[in-house]
1. In the range 281-321, how many residues are surrounded by 13 or more Cβ atoms within 10 Å (Cβ to Cβ) and among the aliphatic types (A, V, I, L, M)?
2. Can you work out which of the residues in the range 201-239 that are charged (D, E, K, R) and surrounded by 14 or more Cβ atoms within 10 Å (Cβ to Cβ) is farthest from TYR120 (Cα to Cα)?
3. Scanning the range 130-143 for residues that are open to solvent by 40 Å² or more (accessible area, probe 1.4 Å) and either in contact (Cβ under 8 Å) with a residue 40 or more places away in the chain or within 24 Å of LEU237 (Cβ to Cβ) (or both), which turns out farthest from the chain's Cα centre (by Cα)?
4. Between ILE245, ILE301, which is touching a strand residue (DSSP E or B) at 6+ places or on another chain (Cβ under 6 Å) and either part of a loop (DSSP other than H, G, I, E, B) or within 27 Å of GLN62 (Cβ to Cβ) (or both)?
5. Taking the range 245-264, which residues are under 24 Å from TYR120 (Cα atoms), out of contact with any helix residue (DSSP H, G or I) (no Cβ under 7 Å at 6 or more places or on another chain) and of a type outside the set (Asp, Glu)?
6. Could you look through the range 58-77, keep only residues that are outside any loop (DSSP other than H, G, I, E, B), open to solvent by 50 Å² or more (accessible area, probe 1.4 Å) and modelled with pLDDT of 80 or more, and pick out the one that is nearest to PHE154 (Cα to Cα)?
7. Return only the number of the condition from (1) open to solvent by 60 Å² or more (accessible area, probe 1.4 Å); (2) modelled with pLDDT of 85 or more that TYR120 does not satisfy.
8. Going through VAL181, VAL242 one at a time, which residue ends up being open to solvent by 30 Å² or more (accessible area, probe 1.4 Å), in contact with a helix residue (DSSP H, G or I) (Cβ under 6 Å, 6 or more places away or on another chain) and modelled with pLDDT of 95 or more?
Amino acid sequence: MCFRVQCSAEHIVNPNNIYHILQDAELRRSSSDREAVQLRPQSVKLSLRVNEAYEMSFQYEQAVDYPVDLYYLMDLSKSMEDDKEKLSALGDLLAETMQEITSNFRLGFGSFVDKTVMPYVSTVPQKLKEPCDKCAAPYGYKHHMTLDTKTSDFARQVADAQVSGNLDAPEGGFDAIMQAVVCKQEIGWRDKARKLLVLSTDAGFHYAGDGKLGGIVTPNDGKCHMENNLYTHSTLLDYPSVSQINKIVKENSVNLIFAVTESELHIYEQLSAAVEGSSVGKLSNDSSNVVQLVVNQYEAITSVLEMKDNATGSVKVTYFSSCSDPTGPLRQ
């Protein structure tokens, strides 16, 4: 004998997917008077059943005249002396050119050499004061100019910055990148801006593990260590790893531009492949093409649209677009 038991309707739990739009301001491309709105809707609440898909539509339009923060990070070892003089002269031109792209532009400046221990720099007392003729004492990373609209100060700051000297070929650029990105308040990064960090050098780079040569074994902690505009933990922490650099630029939405001389181009091309959102450009011997290089790389960055999400492992997000053919089928 077979008995069939059926629950009454009030005892059956069979929820539907629930989708609520919480914020849905219209797209606004211009950011000159008000903040640009590039994604619509801006905020939604979605309750999903397990293993059931939900199709959610949204629109995107890239803003024009969007705020730009550009921080110029320069290798100030002795070999870059002619580049420094040229960059000082190009400061106003850089500002004027970028202001043609956006009226909301800010410029900042920092420099780096290397860790002040052997074998990176000479620790002979006199050399720690003046490593080369008319050179400043060596240092790890120094912040010279906070991001500001007073771009005329840039030329003065670059001109006033003294070159220094070290012993080995690679430089401490990774230490400088880490501090320039994570020290948000000191550098003056804005949340609502395209953030560009230009690293200019004619040499390679030290990375995690190289610190052991100088007796520095504590791994880089990825935190800000700045006091009086100087990196205080240069001789205490190892250099960051490539993966750490990739992690912090992704988390802080910073686009790295490596402006390097031809001899180092292949090394930084390999580095760029491992650092998301970064690009490489060849620097002329005296950095005279730096303005066009920055503009070209900025245009390359803004010509590509990339959607990201931070969904956990239990949620899978797939994107389909009709941007390339509005009348055709959606393409993943």
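1. So the count comes out to 8.
2. Across the range 201-239, the extreme among qualifying residues is ASP221.
3. Ranking the candidates gives ALA137 first.
4. ILE301
5. Correct list: THR261, SER263.
6. Only one residue tops the list, namely TYR60.
7. Here TYR120 meets the rest and fails (1).
8. The conditions single out VAL242.
The values are calculated or read from the model by the stated rules, or taken from the named source; none is laboratory data. A quick note: this is a predicted structure, and the numbers were derived from the prediction, not measured. Glycine also receives a Cβ, built like all others from the backbone with ideal geometry; neighbour counts cover every protein chain displayed. Heavy atoms of the whole protein, side chains included, go into the accessibility calculation; ligands, DNA and RNA do not. Shrake-Rupley method; radii C 1.70, N 1.55, O 1.52, S 1.80 Å.
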